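Student: First the structure, then my questions, so here it is.
The values are calculated or read from the model by the stated rules, or taken from the named source; none is laboratory data. Remember, it's a predicted structure, so these values are computed and weren't measured experimentally. All Cβ positions, glycine included, derive from the backbone under ideal geometry; neighbour counts span all protein chains shown.
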Amino acid sequence: MLTKRIIPCLDVKDGRTVKGTKFVDLRDAGDPVDLASRYSDEGADELVFLDISASKEGRKTFFSVVERVARAIQIPFTVGGGISDVVDVLRALDAGADKVSLNTAIVEHPEFLFEASAAVGSQSLVAAIDAKRKGSGWCVWTKGGSEETDLDAVAWAQEAVRRGAGELLITSMDSDGMKEGYDLDLLRTISLCTSIPVIASGGAGTREHIRDAITIGRADAVLAASIFHYQQISIIDIKEFLQTNKIPVRL
């Protein structure tokens with residue numbers, strides 16, 4: 001079994017890290033550069049930086065903040081939010097990102113994934129899918145979880161793989177910020193029908209939730225925010241717990 005990754009997430013709005021519940025009721029969680037540096041020192045395997053209001057506001061991501069974060073850490077770093085063309089992808093990578101997360105832009109223009117993959121390679125591209133339960137399945141939402149689409153989340157995940165995504169970041173909007181566990185059905189369904197790594201997002205509240213995302217949800221990596229920002233559980237505690245549960249991690 002490959003080593004499983006623990007990934008803190010920085011949702012950034014107006015230059016500050018924020019955290020909400022089900023994508024609303026945002027509250028301040030600190031300076032993104034300070035948090036990034038702390039997580040790098042505490043043993044995070046990677047870091048995700050999402051400028052959560054960029055697409056909704058029709059603007060580009062704050063690359064100046066990206067550059068500052070990149071200088072403060074020694075771990076791989078994914079950037080997303082407001083990235084809408086290959087020029088933006090290249091700019092994010094030049095600013096210090098190792099990977100780029102794409103969501104709204106690839107839903108609205110699916111050919112963008114082909115173009116980006118041809119330019120930088122699938123290994124640098126993460127297809128982020130914000131999914132909410134609808135009937136017996138899940139639908140895709142865009143623009144920071146503010147606009148519903150008619151896309152089925154599982155079908156869109158498969159399409160994103162075909163178009164060149166190297167990883168999938170799956171966020172359950174129903175579970176986000178609730179600290180009651182990940183949507184294991186969503187994770188498992190997508191993990192079993194796609195061939196690239198899946199990152200679980202939305203719902204971490206305990207070490208057991210993270211274990212279940214890996215063992216039941218079949219996730220290759222687990223993303224969390226609140227439990228790290230507010231120092232409710234440490235990264236090392238999670239990794240030691242996973243190791244005792246025979247899940248390989250990097251200590």
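Student: Pairs under 6 Å by beta carbon, first residue within 16 Å of residue 156 (Cβ to Cβ) and among the aliphatic types (A, V, I, L, M) in the stretch 110-121, partner modelled with pLDDT of 95 or more and crowded, with 19+ Cβ neighbours inside 10 Å, six or more apart or different chains?
Tutor: These pairs meet every condition: 113/106; 113/163; 113/164.
Student: Could you list all residues from the stretch 127-173 that are at negative phi and among the charged types (D, E, K, R)?
Tutor: Hits for the stretch 127-173 are 130, 132, 133, 134, 147, 148, 150, 152, 159, 162, 163, 167.
Student: Ok, one more. I'd like to verify a number: residues in the stretch 218-238 that are within 24 Å of residue 156 (Cα to Cα) and either of a type in the set (Asp, Glu) or surrounded by fewer than 24 Cβ atoms within 10 Å (Cβ to Cβ) (or both), how many?
Tutor: Residues meeting the conditions: 3.
Student: Does any residue in the stretch 201-222 that is over 15 Å from residue 174 (Cβ atoms) come within less than 6 Å, Cβ to Cβ, of a residue that is basic (Lys, Arg) and in a helix (DSSP H, G or I) six or more places away or on a different chain, and which pairs are these?
Tutor: 218/188
Student: Would you be able to say whether some residue in the stretch 60-74 is of a type outside the set (Phe, Trp, Tyr), farther than 28 Å from residue 40 by Cα and not in a strand (DSSP E or B)?
Tutor: Checking the stretch 60-74: not a single residue is of a type outside the set (Phe, Trp, Tyr), farther than 28 Å from residue 40 by Cα and not in a strand (DSSP E or B).
So that you can scan it fast, the table gives a plain yes or no per residue for (1) assigned to a strand (DSSP E or B); (2) crowded, with 17+ Cβ neighbours inside 10 Å; (3) of a type in the set (D, E, K, R):
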| residue | (1), (2), (3) |
| --- | --- |
| 97 | no, yes, no |
| 105 | no, yes, no |
| 132 | yes, yes, yes |
| 140 | yes, yes, no |
| 180 | no, no, yes |
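Student: Hey, another quick one. Counting just the residues of the stretch 38-71 that are small (Gly, Ala, Ser) and modelled with pLDDT under 95, which one comes out surrounded by the most Cβ atoms within 10 Å (Cβ to Cβ)?
Tutor: That would be 55.
Student: For residue 91, all conditions in the list (1) surrounded by fewer than 16 Cβ atoms within 10 Å (Cβ to Cβ); (2) without any contact (Cβ under 8 Å) to a residue 60 or more places away in the chain; (3) more than 19 Å from residue 194 (Cα to Cα) hold save one; what is the number of the exception?
Tutor: Status for residue 91: all satisfied but (1).
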